[in-house]
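Working notes, beginning with the structure itself.
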Amino acid sequence: MSKFIAYTIKNSDFYTYSQGIEIITDNYINIHNKYHNDTLNKLIKEIDNKNQEMELHNVYTSKNLTSICFMVLDQIVRHENLQIKTCLNCGRYFIPTYRQNEIYCDLDNVDKSPTCKEKGAGEQYRKNLENNKVQALYRRIYQQKFMTTYRNKESKTIQKEFEQWKKEARDKINKIKKGKLTEDEVYNWLVENK
């Protein structure tokens, strides 16, 4: 941050970049319109919980693209803990909105399809299934057993067997992750215990 500020002070060109920017200061009116019927205690609680709808945000306008780029860079530099991430789905850069460990962007797509955040988890799960034969077989057997249980709701035996199988299968898959069992051992167990 200090390098950016020092460079800005040293080079007078940067002053011209910030010249054509109009700052519209947020004034709580939007927040008032939405929350004016809430109790004072509820408002305090929302503010303490860092509800993002309760934050003030200034709006920067300019007819000069260079000025806008300068302001964006300035804001990024001023927030030292601000992380810029690459979306695992589309590869675009984004700034996490709620948590620092977000991996999918929330940017609108040109074709109006769901955002990467909306569709990313499902896509990643499907990719993992394609690459992991144990997980794919577990999923297929699980769905078969679930449907059998669903169709035979009155049979306590089938439900009990399903719950027992599910518990054992998850335990074995967790043992793969811990290195106690190999994928082939669990795959063979799944085939034998369909």
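The values are calculated or read from the model by the stated rules, or taken from the named source; none is laboratory data. These numbers come from a predicted model, not from an experiment. When we count neighbours, we look across all protein chains shown, and the Cβ atoms used for this are built from the backbone with ideal geometry, even at glycine.
Residues are listed down the side, and each one gets a yes or a no for (1) in contact with a helix residue (DSSP H, G or I) (Cβ under 6 Å, 6 or more places away or on another chain); (2) under 30 Å from N33 (Cα atoms); (3) free of Cβ contacts under 8 Å to residues at least 60 places away in the same chain; (4) assigned to a loop (DSSP other than H, G, I, E, B):
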site: F70; (1), (2), (3), (4): yes, no, yes, no
site: Q75; (1), (2), (3), (4): no, yes, yes, no
site: E80; (1), (2), (3), (4): no, no, no, yes
site: P96; (1), (2), (3), (4): no, yes, yes, yes
site: R99; (1), (2), (3), (4): no, yes, yes, yes
site: E102; (1), (2), (3), (4): no, no, yes, yes
site: L107; (1), (2), (3), (4): no, yes, yes, yes
site: E118; (1), (2), (3), (4): no, yes, yes, no
site: A121; (1), (2), (3), (4): no, no, yes, no
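Looking across N89, N193, one residue alone is surrounded by 11 or more Cβ atoms within 10 Å (Cβ to Cβ), under 13 Å from the mean Cα position of the chain (by Cα) and of a type in the set (S, T, N, Q). It is N89.
If the condition is being surrounded by 15 or more Cβ atoms within 10 Å (Cβ to Cβ) and among the charged types (D, E, K, R), then region 129-146 contributes only K145. Scanning region 56-68 for residues that are in contact (Cβ under 8 Å) with a residue 24 or more places away in the chain and of a type outside the set (G, A, S) gives L56, H57, N58, V59, Y60, T61, K63, N64, T66, I68. Restricting the search to region 147-172, which residues are under 21 Å from Y187 (Cβ atoms), surrounded by fewer than 14 Cβ atoms within 10 Å (Cβ to Cβ) and of a type in the set (D, E)? Of everything in region 147-172, those that are under 21 Å from Y187 (Cβ atoms), surrounded by fewer than 14 Cβ atoms within 10 Å (Cβ to Cβ) and of a type in the set (D, E) turn out to be E168, D171. Within region 153-172, can one find any residue that is assigned to a loop (DSSP other than H, G, I, E, B) and under 30 Å from Q83 (Cβ atoms)? Looking through region 153-172, none of the residues is assigned to a loop (DSSP other than H, G, I, E, B) and under 30 Å from Q83 (Cβ atoms). K112 falls short of the stated requirement of being free of Cβ contacts under 8 Å to residues at least 40 places away in the same chain and in contact with a Phe, Trp or Tyr (Cβ under 9 Å, 6 or more places away or on another chain).
Report whether or not S67 is surrounded by 13 or more Cβ atoms within 10 Å (Cβ to Cβ), outside the structural domain of N188 (by TED's automatic domain parsing) and small (G, A, S).
Working: surrounded by 13 or more Cβ atoms within 10 Å (Cβ to Cβ): yes; outside the structural domain of N188 (by TED's automatic domain parsing): yes; small (G, A, S): yes.
The answer is yes for S67.
Tell me whether region 124-134 contains one or more residues that are in a loop (DSSP other than H, G, I, E, B), farther than 30 Å from N49 by Cα and out of contact with any His (no Cβ under 9 Å at 6 or more places or on another chain). Yes, there is a match, as at least one residue in region 124-134 is in a loop (DSSP other than H, G, I, E, B), farther than 30 Å from N49 by Cα and out of contact with any His (no Cβ under 9 Å at 6 or more places or on another chain).
Per-residue answers, yes or no, for (1) at pLDDT below 70; (2) farther than 24 Å from C105 by Cα; (3) not hydrophobic (A, V, I, L, M, F, W, C):
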{"residue": "I21", "(1), (2), (3)": "no, yes, no"}
{"residue": "K45", "(1), (2), (3)": "no, yes, yes"}
{"residue": "L56", "(1), (2), (3)": "yes, no, no"}
{"residue": "K63", "(1), (2), (3)": "no, yes, yes"}
{"residue": "N81", "(1), (2), (3)": "no, no, yes"}
{"residue": "C87", "(1), (2), (3)": "no, no, no"}
{"residue": "G91", "(1), (2), (3)": "no, no, yes"}
